[in-house]
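For reference, the structure discussed in these notes is given below.
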Amino acid sequence: MWRADAFLESMYNEAVEKTKDSQASMSAEERKRYLEQALRRLIGEFETNENHKPVLLEQESCDGYIRERIELSAVPGLSFASYILIPEDQGKPMPAAVAVHGHGYGSREIVGLRQDGSSDPEPPGIHQHFAVQLVRRGMVVIAPDVAGFGERRLAADLARNPEAANSCHRLSTQLLMHGKTLAGLRVAETLRALDYLAERPEVQPDRIGIMGFSGGGLISFLCAALDERIRAAVLAGYPNTFKDSIMAVQHCICNYIPGMLSHAELPEWIGLISPRSLYLESGADDRIFPAAGFNLAVEQLRDTYRRAGAEERLRTDLFPGAHEISGRNSYDWLCSELERVAHA
């Protein structure tokens with residue numbers, strides 16, 4: 001056969017069988033430790049920047065909350081900005097959340113700002129200004145600028161096209177040549193944002209969650225899988241199977257992490273978050289993360305949570321809509337789960 005369709009299908013089936021054999025040869029706890037160690041290797045680890053001190057870039061009073069912008073650094077030679085949204089007049093430490101945007105123009109898209117930093121009074125797009133939705137529910141929110149978007153597009157890409165949507169391709173390919181991944185860099189920076197958030201005096205460090213949309217869902221699941229300080233996670237517009245999403249539909253290269261399928265399918269990777277609280281939402285008409293794959297992932301994750309004795313900590317919503325955030329239940333769920341953690 002000249003075409004590789006059957007060859008690729010055979011490779012997928014072999015990977016699935018290998019996973020089943022591995023699952024059968026280990027206890028659940030051994031399998032979890034094995035996957036956690038594999039995940040750190042697969043995304044690539046980065047040297048940490050221990051010397052950088054956070055820098056306050058701006059501060060503004062908004063409707064019911066304070067918005068700050070802080071410069072942080074996770075790896076030597078590279079810094080990034082994060083918006084911090086703080087509810088006004090609370091007078092005591094509060095629960096908190098990391099908000100991770102997907103493809104678009106950066107963290108401004110989720111904190112109620114236009115690309116130029118001015119206020120955005122228009123109805124929100126697919127990101128639904130979701131960081132603002134969370135701060136209005138009484139959470140301190142940090143929204144880091146994800147590498148490759150908005151102000152973090154590469155100069156080389158902007159020189160070729162000033163309107164370049166992102167720098168995912170150039171960042172991904174060059175990091176791969178060094179044996180690292182763009183997902184790994186983004187996780188390192190998001191966990192640095194988590195470090196900073198946990199140190200804020202307004203925050204209860206044992207009540208921190210994360211919410212991410214689309215590519216931000218990828219980053220959020222990876223961070224939650226690797227860092228148990230994250231007590232609850234909302235993954236929007238991302239949960240699926242590899243076979244039904246990034247292996248069936250043309251996606252941005254930043255979604256691909258070499259070797260992941262040789263260890264597990266996506267639902268098992270997401271299951272590393274178990275038994276901590278997890279909310280999955282997806283649009284029934286999402287064409288890049290299709291409903292069929294979402295339903296398969298939900299079925300497998302229900303089994304994971306059932307076996308962990310934590311079935312009540314998994315919630316899902318296949319809502320009427322496309323590739324977008326709904327939030328019709330997930331915003332309030334995240335608040336209530338972080339409240340429950342406080343009394344557990």
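Below is a table of values for the structure above.
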item: Close pairs (7 angstrom Cβ cut-off, 6 or more residues apart or separate chains): within 16 Å of Val187 (Cα to Cα) and open to solvent by 10 Å² or more (accessible area, probe 1.4 Å) in the range 97-111, modelled with pLDDT of 95 or more and assigned to a helix (DSSP H, G or I) anywhere; result: His103/Gly215
item: Tally, over the range 254-275, of residues that are surrounded by fewer than 20 Cβ atoms within 10 Å (Cβ to Cβ) and either among the hydroxyl-bearing types (Ser, Thr, Tyr) or in contact with a strand residue (DSSP E or B) (Cβ under 8 Å, 6 or more places away or on another chain) (or both); result: 2
item: Residue count, the range 29-47 (criterion: open to solvent by less than 80 Å² (accessible area, probe 1.4 Å) and either touching a residue at least 60 places away in the same chain (Cβ under 8 Å) or aromatic (Phe, Trp, Tyr) (or both)); result: 10
item: Enumeration of residues in the range 156-208 that are among the charged types (D, E, K, R), within 30 Å of Met139 (Cα to Cα) and in contact with a Phe, Trp or Tyr (Cβ under 9 Å, 6 or more places away or on another chain); result: Glu189, Arg192
item: Residue in the range 203-218 that is within 13 Å of the chain's Cα centre (by Cα) and free of Cβ contacts under 8 Å to residues at least 60 places away in the same chain present; result: yes
item: Considering residues of the range 5-54 that are among the small types (Gly, Ala, Ser) and under 24 Å from the mean Cα position of the chain (by Cα) only, the residue nearest to Asp303 (Cα to Cα); result: Ala38
item: Which listed residue, of Ser107, Ser73, is within 24 Å of Val234 (Cα to Cα), touching a His at 6+ places or on another chain (Cβ under 9 Å) and hydroxyl-bearing (Ser, Thr, Tyr); result: Ser107
item: Condition met for Ser326 (farther than 21 Å from Asp227 by Cα and assigned to a strand (DSSP E or B)); result: no
item: Tally of residues being open to solvent by 100 Å² or more (accessible area, probe 1.4 Å) and over 19 Å from Thr241 (Cα atoms) across the range 6-20; result: 1
item: Any hit, the range 59-82, residues being of a type in the set (Lys, Arg), outside any helix (DSSP H, G or I) and at negative phi; result: yes
item: Residue ranges of strands (runs of 3 or more DSSP E) in the range 127-236 with at least 1 members open to solvent by less than 20 Å² (accessible area, probe 1.4 Å) and of a type in the set (Phe, Trp, Tyr); result: 203-213
item: Positions within the range 283-312 being in contact with a strand residue (DSSP E or B) (Cβ under 8 Å, 6 or more places away or on another chain) and farther than 21 Å from Arg31 by Cα, in sequence order; result: Gly283, Ala284, Phe289, Ala291, Phe294, Asn295
item: Close pairs (7 angstrom Cβ cut-off, 6 or more residues apart or separate chains): more than 17 Å from Arg186 (Cα to Cα) in the range 155-172, open to solvent by 60 Å² or more (accessible area, probe 1.4 Å) and of a type in the set (D, E, K, R) anywhere; result: Ala156/Arg170; Asp157/Arg170
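The values are calculated or read from the model by the stated rules, or taken from the named source; none is laboratory data. Computed from a predicted structure; not experimentally measured. Neighbour counts are summed over all protein chains in view; Cβ atoms, including those assigned to glycine, are modelled from backbone coordinates with ideal geometry. Please note that ligands, DNA and RNA were not included when accessible areas were found on the heavy atoms of the full protein model with its side chains. Shrake-Rupley method; radii C 1.70, N 1.55, O 1.52, S 1.80 Å.
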